[in-house]
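Asker: Sending over a structure as structure tokens; questions will come in a sec.
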Amino acid sequence: MRALADTAALFFRMRRKPLLGGIALAALTVLAGVALLGLSGWFITATAAAGSAAATALAFDVFRPAAGIRMLALLRTGGRYGERLVSHDATLGLLAELRERLFRAHAGPDRARALKARPARLLHRLTVEVDALDNLYLRVLLPAAAAVITAALAALALALIDTRLGVGVGLGVAVTGIALPLALARAADRPARRRAAALEALRMRTVDLVAGQTDHLMTGRIAAARDHAADAETRLALADDRLNRLDTTAAAGFGAASALLLAGSLAAAGGLVQAGIATVPQAALVVLVSLALMEPFAALRRGVLDLGRTVIAARRLLPMLTPEPAPPLPAADPPPAPSALVIEDLRFAHEGATAPLFDGLSLALARGERVALLGPSGAGKSTLVELIAGERRPDRGRIRALPHSLLGQATELFADDLAGNLLLADPAATSDRMLAALDRAGLGQLVRDHKAGLGQRLGEGGEGLSSGQRRRMALARIFLRDAPLLLLDEPTDGLDARTAADVLTTVKELPQTQTILVVTHLRREAALADRLLILEDGRITGDLRRGETAFQAALDRLRPD
């Protein structure tokens, strides 16, 4: 339960006033409902008793109790509306902020890369598990606080009639109202956890089945993948059935507890009337108030049933929602002029590796240089670029770089319009600037010819554009950002010769003041550079410049276009 307590504390740190306001309005609503039932019972009984004789009938004041009933009815209705408005607005705002925090945490170095291979897991964390956290406030904390406050105030009110009555009703409601949800939470913990695991498995396996259906068909695994998803659905149905049975049992338990409390209060009220301590109308008030006091506790059923899922979500998400302050990225430290990039004594090891990939690596790039980083596969070329870009954190050393843009092997486009994809580079960019960037990338006329223009919708991963057009979109984002340091990681790998030539021509036309570092194993990409760096065994073994014999020899050893 430590995770739940820490999560609740986080909620109240983020939105204390709205959450407390929701609890106050919920307590007011429940209390008004209980008081309305009790006062109505007292008024009906007192009116009947007063009407038994003409003298008492004429003296009986019907106006103030009737006005009180109307006031309580309006208060309950208004309080319910206000509680729903305040509590749900606070919760939705809270969940939106939690999703932003979670997204930023997953976008940090290394973590995003670890989840890239399992996008369904990230989707599950951002949607289902964040949604599970709203159960803690809306279905547990809110009704529990309202029920406890109402029971305490009702017990105090009944104690005005008789102290023993107030204590007895208060203890009876407290014991049954708290014990039953705790017992239900204990019984529902395992099936709730199984349901959460089955739901996550079903979502991930379904995404895998749909997104990877071509691969499954090619390998003859489509039936196995389908059965795999169906197995998760079966386990989910079994967990749901178990939870529904517990819900039915809990409803019966609350009904029995309410009946016992009603019987006890009826007997106590009868005894007080016989003893002359209470009147018949007061006895009616006692019975009806006791009848209504278990209802707020019964509202905890659904929240308690889902508590196991909420605990799992809290344990998984809380470390990312309240992360330890991270040290600043090395790339944020600008290099001294006239350098564009300075790396000093760099050490980095992949997680689980027995030896570091880099240990003591140092290099420097001057502003305006065009450099190609060469080396065999596995030498660490892409990893070095990721370290420069801040997508990984070094174990030791210092990286100082100018503001940069990275064009990797994969072009990341989203199911949005063209403008939305371009605005990732500069949220303040105007339509004219976006079209100018598209012109430089060779897509301007294509966009102008389309009837939707910048509003042209793309599918998932940029569907609707060819592979070359997607790469040009990535270039347009780079032009829009206009960073002084450009990092290219095999920018034309996988493109046909004509498209690759067009992309490289666009890169060649960049201003000479812009520094370019290209990671490549292709001759056509390395030919952009005036300086070649050879990376082998985690260290720079060659530094060649155009015009040197070794420079041309290194180009000739590369894979042809």
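Rule-based calculations on the coordinates, nothing more; no lab input. This structure is a prediction, so every number in the text was calculated from the model and none was measured. FYI the Cβ positions are ideal-geometry reconstructions off the backbone, even for glycines, and counts take in every protein chain you see.
Asker: Which label marks the calculated value of Rg/Rh (Cα atoms, Kirkwood Rh), given the options (i) 1.17; (ii) 0.96; (iii) 1.05?
Answerer: Among (i) 1.17; (ii) 0.96; (iii) 1.05, the one calculated here is (i).
Asker: How big is the equivalent ellipsoid of the range 339-556 along its three axes, where each semi-axis is √(5λ) from the Cα gyration tensor, reported in whole Å from largest to smallest?
Answerer: Taking √(5λ) for each eigenvalue gives 32, 19, 16 Å, largest first.
Asker: Report, to the nearest 10°, how far helix 142-161 tilts away from the longest principal axis of the Cα atoms in the chain, using its own Cα long axis and a range of 0 to 90°.
Answerer: 20
Asker: Quick one: Karplus J couplings for the range 398-413, per residue in order, coefficients 6.51, -1.76, 1.60, θ = phi - 60°, nearest Hz, x for Gly and Pro?
Answerer: 9, 10, 10, 9, 5, x, 9, 10, 10, 10, x, 5, 9, 9, 8, 10
Asker: Ordered by packing density, taken as the mean number of other Cβ atoms within 10 Å over each peptide's residues, highest first, how do 202-215, 162-175 rank?
Answerer: With the highest mean Cβ count within 10 Å placed first, the list reads 162-175, 202-215.
Asker: Between rounded, prolate and oblate, where does the range 22-106 land on the alpha carbon gyration tensor, with a ≥ b ≥ c its root eigenvalues, rounded for a/c under 1.5, else prolate if a/b exceeds b/c?
Answerer: Prolate, because a/c is 1.5 or more and a/b exceeds b/c.
Asker: Still on this model: Could you give each residue of the range 27-40 its phi-based ³J(HN,Hα) in whole Hz, using Karplus coefficients 6.51, -1.76, 1.60 with θ = phi - 60°, and x for Gly or Pro?
Answerer: 5, 4, 5, 5, 5, 5, x, 5, 5, 5, 5, x, 5, 5
Asker: May I pose another question? If you take every DSSP beta bridge fully contained in the chain, what fraction is antiparallel? Give it as a percent rounded to 5.
Answerer: 50
Asker: Cα axis of helix 497-508 to longest principal axis of the chain: angle in degrees, 0 to 90, nearest 10?
Answerer: Its long axis makes an angle of about 90 degrees.
Asker: Using the 10 angstrom Cβ neighbour count as an exposure proxy, how do L488, L262 rank, fewest first?
Answerer: Sorted ascending by nearby Cβ count, the order is L262, L488.
Asker: Hey, what did the chain get for relative contact order, percent, Cα under 8 Å, at least 6 apart?
Answerer: Result for the chain is 14 percent.
Asker: Amide H neighbours of R396 under 5 Å, at least 5 residues apart or on other chains, H built in the peptide plane: list them.
Answerer: Distant-sequence amide H within range of R396: R347.
Asker: Taking the chain as the reference, fit the longest principal axis to its C-alpha atoms, fit the long axis of helix 307-321 to the helix C-alpha atoms, and give the angle between the two in degrees, 0 to 90, nearest 10.
Answerer: Orientation of helix 307-321: about 40 degrees from the principal axis.
Asker: Pop a pseudo-label 7 angstrom from the Cα along the beta-carbon direction at both A251 and D131 and give the gap in nm to one decimal.
Answerer: Those two pseudo-labels are separated by 2.3 nm.
Asker: Further question: Taking the highest mean first, how do the peptides 218-226, 286-294, 394-402 order by number of other beta carbon atoms within 10 angstrom per residue?
Answerer: Answer by packing, highest mean first, reads 286-294, 394-402, 218-226.
Asker: What are the ³J(HN,Hα) couplings of the range 202-211, residue after residue, when phi is run through the Karplus curve with 6.51, -1.76, 1.60 and θ = phi - 60°? Round to Hz, x for glycine and proline.
Answerer: 4, 5, 5, 6, 5, 4, 5, 5, 6, 5
Asker: Can you give the relative contact order of the range 339-556 as a percent, counting alpha carbon pairs under 8 Å and 6+ residues apart?
Answerer: Relative contact order comes out at 29 percent.
Asker: Helix-only estimate, please: 222 nm mean residue ellipticity of the chain, summing -39500 (n - 2.57) across DSSP H runs of length 4 or more and dividing by its residues, to the nearest 500.
Answerer: -20500 deg cm²/dmol
Asker: Between the alpha-carbon centers of the range 366-404 and the range 258-292, tell me the distance in whole angstrom.
Answerer: Taking the Cα centre of the range 258-292 as reference, the centre of the range 366-404 is 80 Å away.
Asker: Mind listing the long-range amide H neighbours of F358? Cut-off is under 5 Å, sequence gap 5 or more, other chains count too, H placed in the peptide plane at 1.01 Å from N.
Answerer: Excluding prolines and chain starts, which carry no amide H, the hits are F348.
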